[in-house]
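Before any comments, here is the structure.
Nothing in this text is a laboratory measurement; each read-out follows from the coordinates by a stated rule. Because the structure is a prediction, the values reported are computed rather than measured. Cβ atoms come from the backbone with ideal geometry, glycine included; neighbour counts cover every protein chain shown.
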Amino acid sequence: MTSPRRGAEGRALGAPVASSSSGRFEFQSLLSSRAPGADPTCARLRASESPVHRRGSFPLPEEARMDLNPSFLGIALRSLLAIDLWLSKKLGVCARERSAWGSVRPLMKLLEISGHGIPFLLGTLYCLSRSDSWAGREVLMNLLFALLLDLLLVALIKGLVRRRRPAHNQMDMFVTLSVDKYSFPSGHATRAALVSRFILNHLVLAIPLRVLTVLWAFLVGLSRVMLGRHNVTDVAFGFLLGYLQYSIVDYCWLSPHNAPLLFVLWSQQ
Ligand SMILES: CC(C)=CCC/C(C)=C/CC/C(C)=C/CC/C(C)=C/COP(=O)(O)O
């Protein structure tokens, strides 16, 4: 009985490309920053594609042939990722002082500070300490809860996903947590979406101020990509997460009725 020819790793020649790839090779060159040919597995793939090799090959087992076809979802995700990286690099025009729009960097950094967690947390705590009405205290208590929930969820997701910040980012951010070395999702984008939805729902504002609130949130998100801190998908997901976080806060709305202890304890401070 003829046995299939085996490669250096003991796998059948022809089949290993399919079984080891699980449909990944098609996009490896698209996403990899290494020079083509640097990856020995890719080199094997090219060798297996050569007419010389094909002449000596044999039909692939059914399951291996299935592996050669990446799923539609896989292709869509990898294409989205490639577009994301390309677009984020193009938009990262303030990443360095010497970048194309380097002169706008101070303005972008101002937007960065305007969406940072520390001013919001300290500002809310200060307003809470000065508030003398139950209604005001209730809103501020919920804003504090929203900000803390946001910090927790973003840290959790960043720690789970562990997506590195773009290579062109300069890590010169003002006060960060250890998970802030990761970029998915953007904490500034979640906070901007959460706070602006909170403000629009709980403050009576004239139309121009409502428009400014939404514009501020959008600009905070855009500045993250322009500064090179994030990829576009980090910010897009951040906006979505922040929007959903507000729904959680609204659903769990703290009031003297459902959290009396919290309000009593605070008023005794
Ligand atoms: C004051 C109270 C009640 C609690 C303090 C809780 C706490 C641990 C605050 C830390 C705030 C902080 C350092 C937030 C980091 C904000 C930041 C730099 C996020 C990164 O944003 P990204 O858009 O780059 O992901």
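Sequence gap at least 6, Cα distance under 8 Å: using those rules, report the relative contact order of the range 72-207 to the nearest whole percent. If you can, show how the numbers build up before the last one.
Values: 88 pairs, mean separation 30.8, N = 136.
With pairs under 8 Å counted, the relative contact order is 23 percent.
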- Taking the mean number of other Cβ atoms within 10 Å as a proxy for protection, how do you rank 153-159, 193-199 from highest to lowest? 193-199, 153-159
- Item | Listed peptides 138-144, 125-131 by packing density, highest first (mean Cβ within 10 Å) | 138-144, 125-131
- Normalised by the residues of the range 148-202, what does the relative contact order come to in percent, with Cα pairs under 8 Å and at least six apart? 45
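Given the alpha-carbon gyration tensor of the range 98-141, what are the semi-axes of its equivalent ellipsoid in whole angstrom, ordered largest first, with each equal to the square root of 5 times an eigenvalue?
Values: eigenvalues 251, 11, 9 Å².
Semi-axis lengths for the range 98-141 are 35, 7, 7 Å.
Hey, fewest Cβ within 10 Å first, where do Val232, Val161 land in order?
Numbers: Val232 21, Val161 13.
Ascending number of Cβ neighbours within 10 Å: Val161, Val232.
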